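Quick notes on the structure that follows.
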Amino acid sequence: MPTIDLLGVPHSYELTRPLANPSEPVLIYIHGWLLSRRYWQPLIQSLGKDYPCLSYDLRGFGDSPNQLRSSETTLDPLQSPYSLAAYAEDLKILLETLNIQKAWLIGHSLGGSIALWGANLCPERVQGVICLNAGGGIYLKEEFERFRQMGKQLVKFRSPWLRSIPLMDQLFARLMVNQSLDKQWGKQRLWDFTQADADAALGSLLESTTEEEVHLLPQIVAQLSQPVYFLAGSQDKIMETQYVRYLASFHALFNPQGKNVIEIPNCGHLAMLEQPEIVIDKIRQILQISGC
């Protein structure tokens, strides 16, 4: 598996094919919390026939280690290494290092927020953003405190021994989805859950859910001149459609009918696995509308 150095940390990535030229549009896939690049394969297998596709593991997740503590090159010491801004900086360097001049960012959940930050950070390279199961911008104190506490407990009790518990993979195949996923995805989710670096897992959760960060995200969306679309799961209990529409409403494409919001039926929080054919079709339509 190839790796690329981003601020002293090797990141695992996959590029479907070499770029014909630097200005060829590339689809960049950014995974969500406690996941990895592997969940994009159903989309890449189809969209990769027409577009070069790049997926990578965020620092501290999947096959990308968290080496910030020992790295000679680090982020701004005044900036948390696990903030949305920090992960967006990794993305910026990734695009620069691979000389990708035109990119469409496709982000899931936390990855959607990183994609929005990345589009704001390097508007000259990012042509547009497609967010899956991503939204927010409304800070509900009690709900966020419960969510953060639950996340802390999840990170605290993670351990590789969970992989040996019978039927645990079946449990992970049912979490946060409308209908149970294939067994292979349950195993993959269990692996990524236990594989993630504890500091990165906890840090990214806490940093992305502060009141300041939650309120800043709509401001980021409002500043974006690129097209931004949101794909929402109709049965998503983690990021409900109302919160997706709220964040989308800050972008210029939004209208009373929610022009830049597409609701995916019979879908929970993992749209790319639950309804891949619909998601692929919607992404193709968006890219064609945008002239890609």
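Go through the residues of segment 152-166 one by one and say whether even a single one is farther than 16 Å from T194 by Cβ and part of a helix (DSSP H, G or I). Checked against the condition, which is being farther than 16 Å from T194 by Cβ and part of a helix (DSSP H, G or I), segment 152-166 yields at least one hit.
Beta carbons closer than 7 Å, at least 6 apart along the sequence or on distinct chains, pair a first residue in segment 73-100 that is closer than 17 Å to I30 by Cα and acidic (D, E) with a second that is at pLDDT 95 or above and part of a loop (DSSP other than H, G, I, E, B) for D90/R59.
Selection of segment 84-134 for residues being farther than 20 Å from V9 by Cα and of a type in the set (D, E, K, R) yields K102, E124, R125. Residue pairs whose Cβ atoms lie under 6 Å apart, sitting 6 or more positions apart in sequence or on different chains, and linking a residue in segment 171-195 that is closer than 23 Å to R59 by Cα and in contact (Cβ under 8 Å) with a residue 40 or more places away in the chain to a partner that is basic (K, R) and crowded, with 16+ Cβ neighbours inside 10 Å, are Q188/R38. Of all residues in segment 228-252, those being in a strand (DSSP E or B) and of a type in the set (F, W, Y) number 2.
Looking at Q219, is it assigned to a helix (DSSP H, G or I), under 22 Å from Y87 (Cβ atoms), out of contact with any strand residue (DSSP E or B) (no Cβ under 7 Å at 6 or more places or on another chain) and of a type in the set (S, T, N, Q)?
Criteria met by Q219.
Checking the structure you have, find out if any residue of segment 193-214 is under 21 Å from Y39 (Cα atoms) and not in a helix (DSSP H, G or I). Yes - at least one qualifying residue is present in segment 193-214.
I'm checking my understanding of the structure. Among residues of segment 9-48 that are modelled with pLDDT under 95 and out of contact with any strand residue (DSSP E or B) (no Cβ under 8 Å at 6 or more places or on another chain), which one is nearest to T194 (Cα to Cα)? The extreme case among them is V9.
Any idea which residue in segment 7-53 is farthest from D63 (Cα to Cα), counting only those that are of a type in the set (A, V, I, L, M) and assigned to a loop (DSSP other than H, G, I, E, B)? The qualifying residue farthest from D63 (Cα to Cα) is A20.
A quick yes/no check of all residues on (1) within 15 Å of G203 (Cβ to Cβ); (2) among the aliphatic types (A, V, I, L, M); (3) modelled with pLDDT under 95:
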site: Y56; (1), (2), (3): no, no, no
site: P65; (1), (2), (3): yes, no, yes
site: L75; (1), (2), (3): yes, yes, yes
site: Q79; (1), (2), (3): yes, no, yes
site: D90; (1), (2), (3): yes, no, no
site: I106; (1), (2), (3): no, yes, no
site: I114; (1), (2), (3): yes, yes, no
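Within segment 268-285, residues that are more than 23 Å from P227 (Cβ to Cβ) have Cβ atoms under 9 Å from residues that are part of a helix (DSSP H, G or I) and aromatic (F, W, Y) in these pairs: L270/Y39; L270/W185; L273/Y39; L273/W185, counting only partners at least 6 apart in sequence or on another chain. Restricting attention to segment 11-41, the residues being touching a residue at least 24 places away in the same chain (Cβ under 8 Å), surrounded by 17 or more Cβ atoms within 10 Å (Cβ to Cβ) and at negative phi number 21. For I165, the criteria (1) closer than 20 Å to G107 by Cα; (2) of a type in the set (A, V, I, L, M); (3) modelled with pLDDT under 95 hold in every case but one, which is (1).
Restricting segment 199-245 to residues that are surrounded by fewer than 17 Cβ atoms within 10 Å (Cβ to Cβ), in contact (Cβ under 8 Å) with a residue 24 or more places away in the chain and among the hydroxyl-bearing types (S, T, Y), the residue that is farthest from K156 (Cα to Cα) is S225.
For segment 102-127, the candidate set comprises residues that are of a type in the set (V, I, T) and assigned to a strand (DSSP E or B); within that set, the residue that is nearest to the chain's Cα centre (by Cα) is I106. Give segment 129-184 a look and list any residue that's closer than 28 Å to T241 by Cβ and aromatic (F, W, Y), or say none. Residues satisfying the conditions are Y139, F144, F147, F172.
The values are calculated or read from the model by the stated rules, or taken from the named source; none is laboratory data. Quick caveat, the model's predicted, so the values are computed rather than measured. Ideal geometry is used to build each Cβ from the backbone, glycine not excepted, and the neighbour counts take in all protein chains shown.
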